[in-house]
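The values are calculated or read from the model by the stated rules, or taken from the named source; none is laboratory data. What you see is a predicted model; the values in this text were computed from it and never measured. Virtual Cβ from ideal backbone geometry, glycine too; neighbours counted across all protein chains shown.
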Amino acid sequence: MSRRSRGEGRLGARAATGLLLALTACALLAAASTGAAHVGPRTVGAMILARFGLLRAVPWWSEVDESIVFDIRLPRAVLGMLVGGSLAVCGAAFQGLFRNVMADPFILGVSPGAALGAALAIVLRVDVKLFGISAIPLFAFGGGLLTSVLVYSLSRIRSTVPVHTLLLTGIAVGSVLSSLTSLVMVLGQRDLYQVFFWIMGGLGGKTWAHVRMVLPYAALGIVAILLSARELNLMLLGEEDAFHLGVSVERTKLRILVAASLAAAAAVAAAGVVGFVGLIVPHATRLVVGPDHKVFLPSAMLAGSATVLAADMVARSAFGSQEIPLGIVTALLGAPFFLFLLRTKGAGK
Amino acid sequence: MSSVGIRVEGVEFSYPGREVLRGVTLEAGKGDFVAVVGPNGSGKTTLLRTISGFLKAQRGSVYVEENDISRLGPREIARRVSVVGQSSIFDFPFSVEEYVLFGREPHIGPFETYSSRDRELAREAMDWTGVPEMASRPVTELSGGEQRRVLVARALAQQPRVLLLDEPTQGLDINYQVQVMALLRSLAKERQVAVIAVLHDINLASSYCDRVILMSQGTIYAAGTPASAITSENLSAVYGSPVAVSLERGRPFVWPVAPVTASSSGDATRQVFVVGGGGTAQRLLETILMAGFRVVAGVLNVGDADWLLCRSLGIETVDEEPFSPMSAARIEEAKQHALRSCALVLTRVPFGPGNLGNLEIVEDALEMGKPVAVMGMDDFASRDYTGGKAKQVLERALASGAERLVDEAQAVDFLRRCGEWARRSS
């Protein structure tokens, strides 16, 4: 019966999750095996298994190799997974909340807000630490969160927040913040290069410390969104229907906005503005697994992780030793892919 | 457990600058099937949204099974009340079965999945509404009518104590309209659900509902059994255009009458005086009302079949005591009405000593130059119980210009000509 109940041409929940898990694991292994120093996937796999005590073997690799994999490649890859997963889940949640497949974390102004925060922290050389977190991600995180609070309160009409108002307010506030970021860059010219590269996005030089900084926010946001899967399903039926099926509509909106701000701000704080992942990955995933958020959200998360890992491999190897910003890769590859989806699947319905 | 499903007490609701509900009080017991009817903008949908807790009333209270709805959370409400609204969105390709299963959401815990019982209830609801063969189809591909039925199925799967519906039959063909109404009725009766439906179709409401609430400008204008609430006086007052109501199998049946525009009401060129009685005027009255004429009838005995019909159609009559001969005073009153009309029509009414006086009205009208028509003269002999007196009068009338009419269609033609003539001469 449950098989018949699914829409035709849809992948089952287990098949989708299994396939995506395998894909993400392969991407992780590939990411940890790609680079100037030749350490192949077999060696990397063995290193990881040995590290967790799952493989008893005489190491045939050098300590330098091990250091390259564990101190340089793996933190970068794990961070990429976190960022990709966060952005995709965020985009998926917003698309559900707004009932609009064109929504992404950037449209709400969260990412421009985070970017402005980071730019300020860099230019003003802010040197504070809160609970062991350094200034740049802290400011980025705060910028993202403040922006969503601003957009939310600007969109508030009496006790409700109509989603189309939220969407339009987000666009307006986002463009104001982008201009402010540009202004900060112009005024703080000596840091122009650093701010520019930070905003363009990238995972270069990231360490386990970055992972530890981002993990709690990303995890909290992602988990809160994953736990809202059922409410998001009901929100797709319209807010009135969602209410009549037992959803506290405004509370759910607020929870998703806070959770998505956390996850998106954490992702941007770690990797800069990585475009199109939050828009295209959820969209493509929905076409494959269907609209049920219980399956769709975890699938989008895994697909987002795999996508950013793949894009990062392109970013650091496409032009030889010259690494290009991750945001450029995702936009360059993502936008044409999106156009392709739009034309073949009638996505703009 | 209480037998009251919904109790609404003095509910007021306004949007900024616009008062929508001005004190509504009503009650629907479990097992009741209540219809809410009324013109566009009378507050029906807002009333439903207030009852469902989606809108918060600024004054007054709504009780669900004696619980104040403002003290219940959405989940607690959703376990008792289900709603088929007008604003459902079908943009995402859930299958019909998934969509119906959403009706189970308020009943399952945050970490539970659908049980086999949930699936069984969903399937049962789909069977009831005739959608089981579409179970695996995406809702995005359904027609508007199919989507309405899926919504009703979802509401049933919710196992409500109170079911609220906004135009549940909209977009359905006549077959499904009847099926949905019969389903709602049996749901109310067999499962003891309080069903409240906003309906545009007053006849559908009249045929299936126990009670009808007629709304007008944010208040309840009339409420009660279909026969007591659906009267031509009530409907004409609320909808602002004349409607005719007759009884079909004991329930009111409403049919529209061509609107008499403000300028033509009280206009002699659209008024017709009908002399009838004994039920002979029925088809004529319905036909000429539909053609847009105003009718005054007389003289009729109170309780006569035509008199009853005129009452239900909202037609003005000149009344005489029951079973009494027409008195001179009534005849005189009728003559005045006839003179203010563009024409006079005499039905196939039998004449006896009691109503012979009515022929005076006919003669008087002819003398005063009013057009007069007589229906079905051929068989008059069989209807004459006056020993030929009535026949004499009528033959005189025909000789001095009264028209003979064979059927109602001819009557309408005749009246249009008279109206035209009256307009030109005035």
Item checked: Those residues of the stretch A:9-41 which are assigned to a loop (DSSP other than H, G, I, E, B), in contact (Cβ under 8 Å) with a residue 40 or more places away in the chain and under 30 Å from A:GLN322 (Cα atoms), in sequence order -> A:THR34, A:GLY35, A:ALA36
Notebook entry, point to check: How about the stretch B:153-192: which of its residues are farther than 13 Å from A:HIS244 by Cβ and among the β-branched types (Val, Ile, Thr)?
Noted result: B:THR169, B:ILE174, B:VAL178, B:VAL180
Next item on the list: Scan A:VAL89, A:VAL83, A:VAL78, A:VAL64 and give me the residue that is farther than 22 Å from A:PHE319 by Cα and more than 26 Å from the chain's Cα centre (by Cα).
Entry: A:VAL64
Notebook entry, point to check: So which of A:SER62, A:SER111 is more than 28 Å from A:ILE199 (Cβ to Cβ), of a type in the set (Ser, Thr, Tyr) and at pLDDT below 90?
Noted result: A:SER62
Next item on the list: Tell me, please, whether a residue that is in a helix (DSSP H, G or I), within 20 Å of A:GLY143 (Cα to Cα) and within 14 Å of chain B (Cβ to nearest Cβ) can be found in the stretch A:255-274.
Entry: yes
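Conditions (1) among the acidic types (Asp, Glu); (2) over 23 Å from A:GLN95 (Cα atoms); (3) away from chain B (no Cβ under 14 Å); (4) crowded, with 17+ Cβ neighbours inside 10 Å, marked per residue:
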position: A:LEU203; (1), (2), (3), (4): no, yes, yes, yes
position: A:ARG212; (1), (2), (3), (4): no, yes, yes, no
position: A:LEU215; (1), (2), (3), (4): no, yes, yes, no
position: A:LEU220; (1), (2), (3), (4): no, no, yes, no
position: A:ARG230; (1), (2), (3), (4): no, no, no, yes
position: A:ASN233; (1), (2), (3), (4): no, no, no, yes
position: A:VAL249; (1), (2), (3), (4): no, no, no, yes
Checklist line | Hits in the stretch B:356-385 (condition: over 34 Å from the mean Cα position of the chain (by Cα) and in a loop (DSSP other than H, G, I, E, B)) | finding: B:LEU356, B:GLY357, B:MET368, B:GLY369, B:LYS370, B:PRO371, B:MET377, B:ASP378, B:ASP379, B:TYR385
Next item on the list: Report the residue count in the stretch B:66-98 for those that are more than 23 Å from B:THR45 (Cβ to Cβ), more than 8 Å from chain A (Cβ to nearest Cβ) and in a loop (DSSP other than H, G, I, E, B).
Entry: 1
Checklist line | Unique match (being under 18 Å from the mean Cα position of the chain (by Cα), within 14 Å of another protein chain (Cβ to nearest Cβ) and over 28 Å from A:THR34 (Cβ atoms)) among A:PHE296, A:PHE243 | finding: A:PHE296
Next item on the list: Please determine, by comparing only the residues of the stretch B:102-123 that are at the interface with another protein chain (Cβ under 8 Å from one of its Cβ atoms) and either part of a helix (DSSP H, G or I) or charged (D, E, K, R) (or both), which one is surrounded by the fewest Cβ atoms within 10 Å (Cβ to Cβ).
Entry: B:ARG119
Check: What's the number of the condition B:LEU142 fails, among (1) aliphatic (A, V, I, L, M); (2) within 10 Å of chain A (Cβ to nearest Cβ); (3) more than 30 Å from B:LYS56 (Cα to Cα)?
Finding: (2)
Note to self: Among the residues of the stretch B:253-290, what is the count of those that are small (Gly, Ala, Ser) and at pLDDT below 85?
What the structure shows: 7
